[in-house]
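First comes the structure, then the notes that go with it.
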Amino acid sequence: MAHGGVGAAEAIRAKKISSREAVEAHLARIERVNPAVNAVTVVLAETALASADAADRAIGVGGEVGPLHGVPMTVKENSDVTGAATTQGLVALKDAMPAMDAPHIKQLKAAGAIPIARTNLPDEGLRYHTDNALRGATKNPWDASLTPGGSSGGEAAALATGMSPLGMGNDYGGSLRWPAQCCGITSLRTTFGRVAQASVIPPEDKAITQQLFSVEGPMARHVRDLRLARSCMCGGDARDAWWVPAPLAGPPVARPVRVAVTVDPAGEGVDARIAAGVRKAADALRDAGYAVEEAEPPRIAEARDLFSSLITSELRVGMYPLLKGVAAPDALRFLELSFAAAHQFDYAEYVAAFATRASIARAWSEFHERYPLVLGPVVTMPPFPVGFDLMNEENFLMILRGFRMTVIANLLGLPAAVVPVGVAGGLPQAVQIIGGRYREDLCLDAAEALEERLGVI
């Protein structure tokens, strides 16, 4: 079997394998492996095989095919896919069948990709661990006693165990990147406005931080699959008024590309294994010809606190009252701890916070003028034991500090790629590469340079 989405697409076009063979192989893998990790929630075998047969007929008659023609993919259960419920991990939405695909899913299908299964997430995607009353908990394939991450934990575990060559997740507070670290895969948080977003499942219109901080993005085991998927999912859609028709590649930057590396952002502490991974990645980028130097990006701790207060203040008055009647007790416990851990804004503070956000965004934009890329940890702690995030406020604050380098990309709408750089203590090491707005191309270039030198785990 060809490895990854790019490899599968090339093999199908060359008639080395059929799309049916690719789909059947991954369906068989799901049947064998999923009971141990509970990453896949719904298998779409009938429609996937019908689509695969149609893809093979198109190849047979020499028709024009898309870049992902016949390639299987999995999709997190909070993105609309026709024929499968958009459950958001809630029992109340177990039958919420969308009448149309999400914009990026429609575009990926048009490029030839075939949804074969849905993947797990926490209730409404609002937890750092993947568990819910409808589907149960997803297990980390490296160590079942540790979290696989959240909220795209099902997608990350499915990719890590070979059940899918390409996955679709999203990221409101690290949900593409933290599971990638936990499970040892690669992922791309796209720039705000890059990928059109919409859902037909209520509430169709999100609150302001969900609009500004959350994006769709690809997940895979190989960086080249992220690059290919991104090129197929960035088209416009009238349902998203904030979509931006930005070119996939930005203007040239001075060579060698300058990279600011921060091992312990804001000096708040970092696990030794994670610090070692960042240093290893810095050395590998130097070897690849990048100009890497230690430099601290601006206002990291301030940005983390601002992000936390903005989203919890909003969730407390908006989402929480709606979830109280439908979310699982663990999900509500997580939200209540998040409210206790962050300062809750009144209206005047909420308004002022967006002015502060603009100030931090300007500081980062100026920093990116000098350093087009920032290399650092994803989360500064390794995957925590299952249940650690629900025990007490102290644990929650520890996790929140660990996410300081992650949520700044959400606050500012920046792109970021995560790539594994090795294994330490039996767990994946990973780093994050943050670029300026719409510079996913630079993030992917650097991630690919790391992958070439440090391998795929």
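Some notes on this structure:
- Modelled label positions at Arg32 and Lys94, each set 7 Å beyond Cα in the direction of Cβ, lie 3.1 nm from each other.
- For the chain, calculated [θ]222 nm from helices alone, where every DSSP H run of n ≥ 4 adds -39500 (n - 2.57): -13500 deg cm²/dmol
- DSSP bridge analysis restricted to the chain gives an antiparallel fraction near 65%, rounded to the nearest 5.
- Positive dipole terminus of the chain, leading residue within Ala348, Met100, Val200 (C-beta point charges): Met100
- With coordinates expressed along the principal axes, the C-alpha atoms belonging to the chain extend over 61, 55, 45 Å, beginning with the largest.
- Oblate is the label for segment 357-455. Its Cα gyration tensor axes, ordered a ≥ b ≥ c, give a/c of at least 1.5 and b/c at or above a/b.
- Counting only Cβ charges, +1 for Lys and Arg and -1 for Asp and Glu, the dipole size of segment 208-345 around its Cα centre is about 400 debye.
- Global geometry of segment 339-404, whether rounded, prolate or oblate, following the gyration tensor of its Cα atoms and the 1.5 cut on a/c: oblate
- Projecting the Cα atoms of Leu444, Leu134, Leu121 onto the charge dipole of the chain, computed from C-beta unit charges around the Cα centre, puts Leu444 farthest toward the positive end.
- Were the residues from Phe339 through Ala295 laid out at 0.36 nm apart, the gain over their Cα-Cα distance would be 12.6 nm.
- Rg over Rh for segment 124-234 works out to 0.97, both radii taken from alpha-carbon positions and Rh defined as the Kirkwood radius.
- For Val61 and Glu10, a Förster radius of 30 Å and the Cβ-Cβ distance give a FRET efficiency of 0.95, rounded to the nearest 0.05.
- Spin-label zone in segment 142-183 - amide nitrogen under 16 Å from a point set 7 Å from the Cα of Leu397 along the C-beta vector: none
- Near the amide H of Val81, within less than 5 Å, lie the amide hydrogens of Ala102, all on another chain or at least 5 residues away, with H placed in the peptide plane.
- In terms of overall dimensions, the C-alpha atoms belonging to segment 43-171 reach 50, 33, 24 Å along their principal axes, ordered largest to smallest.
- Sulfur and carbon atoms: percent of accessible area, the chain [1.4 Å]: 55
- Solvent-accessible area per residue for the chain (1.4 angstrom probe, square angstrom): 36
- For the pair Val423 and Arg286, a Förster radius of 25 Å applied to the C-beta separation gives a FRET efficiency near 0.70, rounded to the nearest 0.05.
- Each residue, Val244 and Ala355, gets one label point 7 Å from its Cα in the Cβ direction; the gap between the two is 2.4 nm.
- FRET efficiency, 1/(1 + (r/R0)^6) with R0 45 Å, evaluated for Glu46 and Tyr347 via beta carbons: 0.30
- Only Lys, Arg (+1) and Asp, Glu (-1) charged, at Cβ; segment 327-449 dipole about Cα centre in debye: 220
The values are calculated or read from the model by the stated rules, or taken from the named source; none is laboratory data. Note that this is a predicted model, so its numbers are computed, not measured. For neighbour counting, all protein chains shown are included, and Cβ atoms are generated from backbone atoms with ideal geometry for every residue, glycine included. In case anyone asks, the SASA skips ligands and DNA or RNA and just uses the protein heavy atoms, side chains included. Shrake-Rupley method; radii C 1.70, N 1.55, O 1.52, S 1.80 Å.
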